[in-house]
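Below are the structure tokens for one structure; questions will follow.
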Amino acid sequence: MGERRVSLIVVLALAAGLTWTLLWLLRPPEEEPAFVGPPRSNYTLDNFTLNALDEQGKLSFTVSAPALARRNDDGSLWVETPDFLIAAAKGQPWKGKSDSAFVNKAGSHLLLAGAVEMQRDASPEAAEARVVTQNLDVYPDENRLQTAAPATITQPGSILRGTGMKADLNTHQLELLADVHASFARQRKP
């Protein structure tokens, strides 16, 4: 009976070994990862001008600057000391500059960071205006601007100062949100 057990154990061990070998030989091959091309690389630009178009192919905004860097992880752009132009639906565009700027991948949000100066020339739709503020959010698709920082709006005959500002570029309305102070020039008598 002892020899039988040993023979049975040997036969079972051989069968297990043969089964494992067959499973290893007959297993499906490991799939290679699909090649989808090289990843999109980060890049930088020097002394560039970027013209961004809206859904209808009209100019939305223009940015010119000495340096731009694209972030690979989210496709956003970082711009150093940009000069910019923000198109208005009617009337003159807003032109200006800031210390730096962030543009999201879709081009639907610009953050003009640091000191921001903007100006609009006079047109039949609106008087000339100058805005000085900091950290201005621009939404070109919606033609609006906003900041929570102190802002100064200068127009012919008036200087308005306040904290927080909203602007609707479609209606040419500039609104200071809090702590508003105004200075008006006296009208000269004819």
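Using Cα atoms only, what is the angle between the long axis of helix 2-26 and the major principal axis of the chain, expressed in degrees (0 to 90) to the nearest 10?
Result, in degrees: 40.
Between Lys90 and Glu142, what is the label-point separation in nm under the 7 Å Cα-to-beta-carbon projection?
2.2
Here is a follow-up. To one decimal place, what orientation-averaged projected area in nm² is obtained for the convex hull of the Cα set of segment 1-107? The partial results should precede the final answer.
Values: hull surface 56.0 nm².
Result: 14.0 nm².
Would you mind computing the Rg to Rh ratio of segment 74-166 from its alpha-carbon coordinates, Kirkwood style for Rh? The partial results should precede the final answer.
Working: Rg = 13.1 Å, Rh = 13.6 Å.
Taking Rg over the Kirkwood Rh, I get 0.97.
Could you give the length gained by full extension between Gln155 and Leu45, i.e. 0.36 nm per residue of separation minus their alpha carbon distance, to one decimal place? Could the numbers behind the result be given before it?
On the way: separation 110, 0.36 × 110 = 39.60 nm, distance 3.61 nm.
Gain on stretching Gln155 to Leu45: 36.0 nm.
Further, regarding this structure: Starting from the Cα coordinates of segment 106-152, work out the convex hull volume and express it per residue in Å³.
Each residue corresponds to 82 Å³ of Cα convex hull volume.
Counting every Cα pair in the chain, what percent are over 25 Å apart?
Numbers: 9526 of 17955 pairs.
Summing the P(r) of the chain above 25 Å gives 53 percent of all pairs.
Between exposed GluC sites (Glu not before Pro) in the chain, where DSSP calls loop and at most 15 other Cβ atoms lie within 10 Å, what's the longest gap? It would help to have the intermediate numbers written out before the result.
Numbers: sites that count: Glu30, Glu31, Glu55, Glu125, Glu128, Glu142.
Here the longest run is 56-124.
Please sort by residue number the trypsin sites (Lys or Arg not before Pro) in segment 61-163 whose DSSP state is loop and whose Cβ has at most 16 other Cβ atoms within 10 Å. Could the numbers behind the result be given before it?
Details: sites: Arg70, Arg71, Lys90, Lys95, Lys97, Lys105, Arg120, Arg130, Arg144, Arg161; in loops: Arg71, Lys90, Lys105.
Listed in order of number, the matching sites are Arg71, Lys90, Lys105.
If you don't mind, there's one more thing I want to ask. Using only alpha carbon pairs under 8 Å that are at least six residues apart, calculate the relative contact order of the chain and give it in whole percent. Mind showing how you got there, number by number?
Working: 388 pairs, mean separation 19.9, N = 190.
After rounding, I find 10 percent.
Taken together, the values in this text are just the output of simple stated rules run on the coordinates, not laboratory data. Small disclaimer: the values here were computed from a predicted structure and weren't measured. Note: ideal-geometry Cβ built from the backbone for every residue, glycine included; neighbour counts use all protein chains shown.
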